[in-house]
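Data block below; observations after.
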Amino acid sequence: MKLLIIGAGGVGTAAAMIIKRAGKDGDWAEKIVVSDYNFDRAKEVAEKICGGGKYIAAKVDAGNAGSIKSLIKEHGITFVMNAVEPLFNECIFDTCLEEKVGYIDCAMTLSKPHPEKPFEKCGVKLGDYQFAKDEEWKKAGNMAICGSGVEPGVVNVFAKYAANTLFDKIDEVNIRDGDNYSGDDIGYFGFSVWTTIEECLNPPIVWDKAKGGWHTTENFSEPEVFNFPGGIGDVEVINIEHEEVIMVPRAIDCNRVTFKFGVPRETRQLLSFLRDLKMDEATKKIKVGDSEIAPRDFLVKVVPNPVEATMRMEGKGCAGAWVTGEKDGLKRSVYIYQISDNQDCIKKYSTNSVVSQTAIGPVIMMELAAKGIWDIKGVQIPENFDPNPFMERLAKYEFPAGIREMDSPYADMLGEKAILESLKK
């Protein structure tokens with residue numbers, strides 16, 4: 001595989017470093033072009049952080065099809081990893097279709113709220129643009145893997161593994177994400193101002209078969225306290241918009257799917273305030289002097305860089321799929337998860353745990369694609385493939401999975417240790 005990584009930010013850097021640390025196990029990528037609008041940043045990642053050799057730096061404009069095509073042709077690229085904000089997804093996705101090269105992204109194309117009832121009905125859903133082009137990709141004999149990060153991505157594979165291996169019947173798939181990060185200057189926005197606003201202020205979406213499928217709710221709805229493993233403990237989580245709710249029901253027969261994330265209350269208050277001031281607007285530009293800029297883009301420019309703050313924070317982040325249903329006639333409840341320590345990730349990959357977790361999914365999926373293990377033409381999601389080869393590689397790439405049997409009759413039969421051992425087989 002000759003790989004083009006578009007975006008030399010946190011995720012692109014982590015992906016390149018994960019492949020490098022894999023040594024010979026990373027030889028499935030014979031060439032890796034690390035590209036960015038900021039060529040100096042691409043050069044730093046390719047040459048200084050990754051050591052050059054098969055890592056090559058290039059300049060790219062992710063919103064310009066001609067720029068992407070030029071790199072594909074110059075380097076004989078066979079697969080493209082989209083590691084930039086979803087705002088650029090349509091351009092990169094369509095260019096890969098036209099050039100007949102493989103494609104993978106960490107998050108799907110953006111949604112648009114229902115114009116009249118945004119907190120009741122879905123408008124344009126996440127990924128609708130990509131799913132609509134499935135036949136075009138099939139006719140081109142090409143594969144696009146969409147939503148491959150950690151959430152969505154890794155947790156979707158967890159859900160499929162549960163459906164195939166741990167359950168006879170699935171009731172609910174509930175994605176739960178929480179952390180115990182601490183530091184004096186972490187700030188409100190995590191690793192991306194733009195993405196935090198997009199996810200948290202769009203209407204959250206829920207899948208409920210009994211209610212006819214997908215519907216939306218109010219922002220920050222249905223708060224609950226979830227106990228996370230690894231010493232993280234109890235975290236209050238709330239509904240936010242996320243792709244898993246769109247993806248899982250397409251591949252797994254279940255009654256309900258939710259996504260809840262641990263957004264601190266002070267962050268929720270700030271986000272609500274920004275929305276009231278219309279500072280969350282991402283497309284309509286305002287004139288400032290002789291220039292025009294979208295309010296959200298303005299915030300991105302003036303807010304202190306959250307990525308720099310995360311490099312100093314301590315603690316762990318946990319992403320996982322909480323699956324309930326039946327096995328052997330008994331009720332069962334299982335949480336399959338992956339935990340990453342922030343300072344450990346910085347030492348290994350030079351990036352924080354959030355982006356390192358995000359990068360592991362596409363790296364493993366690209367290896368499986370390069371080796372023909374995952375190969376289904378068209379627009380695909382991780383749930384459409386055999387999860388076992390992916391699960392087996394998590395530990396090899398230093399991101400092992402864990403499984404916790406929750407409070408159910410089945411918990412007395414199989415402990416957490418027994419389940420963990422089964423993953424190694």
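The values are calculated or read from the model by the stated rules, or taken from the named source; none is laboratory data. Just so you know, these numbers come straight off a predicted model, no measurement behind them. With ideal geometry, Cβ positions are generated from the backbone for all residues, glycine too; neighbour counts draw on all protein chains shown. Surface accessibility is based on the protein's heavy atoms, side chains included, excluding ligands, DNA and RNA. Shrake-Rupley method; radii C 1.70, N 1.55, O 1.52, S 1.80 Å.
Looking at the range 119-136, which of its residues are more than 17 Å from residue 213 (Cβ to Cβ), more than 22 Å from the chain's Cα centre (by Cα) and touching a residue at least 60 places away in the same chain (Cβ under 8 Å)? Quick ask: steps written out before the conclusion?
So in the range 119-136, the residues more than 17 Å from residue 213 (Cβ to Cβ) come out as 129-130, 132-136.
Okay, now just the ones that are also more than 22 Å from the chain's Cα centre (by Cα), so 135-136.
The answer is 135, and nothing else.
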Item to complete: Identify the residue in the range 3-41 that is under 16 Å from the mean Cα position of the chain (by Cα) and closer than 19 Å to residue 308 by Cα and, among all such residues, is surrounded by the most Cβ atoms within 10 Å (Cβ to Cβ).
Response: 15
Fill in: Members of the range 298-312 that are in contact (Cβ under 8 Å) with a residue 60 or more places away in the chain and open to solvent by 40 Å² or more (accessible area, probe 1.4 Å)
300, 304, 307, 312
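Look through 42, 46, 57, 62 and report the one residue that is at pLDDT 95 or above and in a strand (DSSP E or B).
Just a single option satisfies the conditions, and that option is 57.
Could you go through the range 89-96 and let me know if any residue there is in contact with a His (Cβ under 8 Å, 6 or more places away or on another chain) and either open to solvent by less than 30 Å² (accessible area, probe 1.4 Å) or not polar (S, T, N, Q) (or both).
Scanning the range 89-96, I find no residue that is in contact with a His (Cβ under 8 Å, 6 or more places away or on another chain) and either open to solvent by less than 30 Å² (accessible area, probe 1.4 Å) or not polar (S, T, N, Q) (or both), so the answer is no.
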Item to complete: Check the range 101-109 and report whether any residue there is closer than 21 Å to residue 297 by Cβ and open to solvent by 40 Å² or more (accessible area, probe 1.4 Å).
Response: no
Practice prompt. Kindly indicate the residue of the range 292-328 that is within 26 Å of residue 260 (Cα to Cα) and among the small types (Gly, Ala, Ser) and also modelled with the lowest pLDDT among those meeting that condition.
Written response: 309
Practice prompt. Would you mind stating whether residue 51 is small (Gly, Ala, Ser), open to solvent by 40 Å² or more (accessible area, probe 1.4 Å) and outside any strand (DSSP E or B)?
Written response: yes
Item to complete: Spot the failing condition for residue 117; the list is (1) open to solvent by less than 70 Å² (accessible area, probe 1.4 Å); (2) more than 30 Å from residue 333 (Cβ to Cβ), and only one is missed.
Response: (1)
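Going by what's in this entry, would residue 175 be described as within 13 Å of the chain's Cα centre (by Cα) and more than 24 Å from residue 256 (Cα to Cα)?
Details: within 13 Å of the chain's Cα centre (by Cα): yes; more than 24 Å from residue 256 (Cα to Cα): no.
Taking the combined requirement at face value, the residue does not satisfy it.
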Practice prompt. Determine whether residue 185 is buried (at least 17 other Cβ atoms within 10 Å of the Cβ) and at pLDDT below 95.
Written response: no
Discussion item. Of everything in the range 334-350, what is open to solvent by less than 10 Å² (accessible area, probe 1.4 Å) and outside any helix (DSSP H, G or I)? Give them in sequence order.
Written reply: 334, 335, 336, 338, 340
Response to the item:
Note on the range 358-383: residues open to solvent by less than 10 Å² (accessible area, probe 1.4 Å) and part of a helix (DSSP H, G or I) are 359, 360, 361, 362, 363, 364, 365, 366, 367, 368, 382, 383
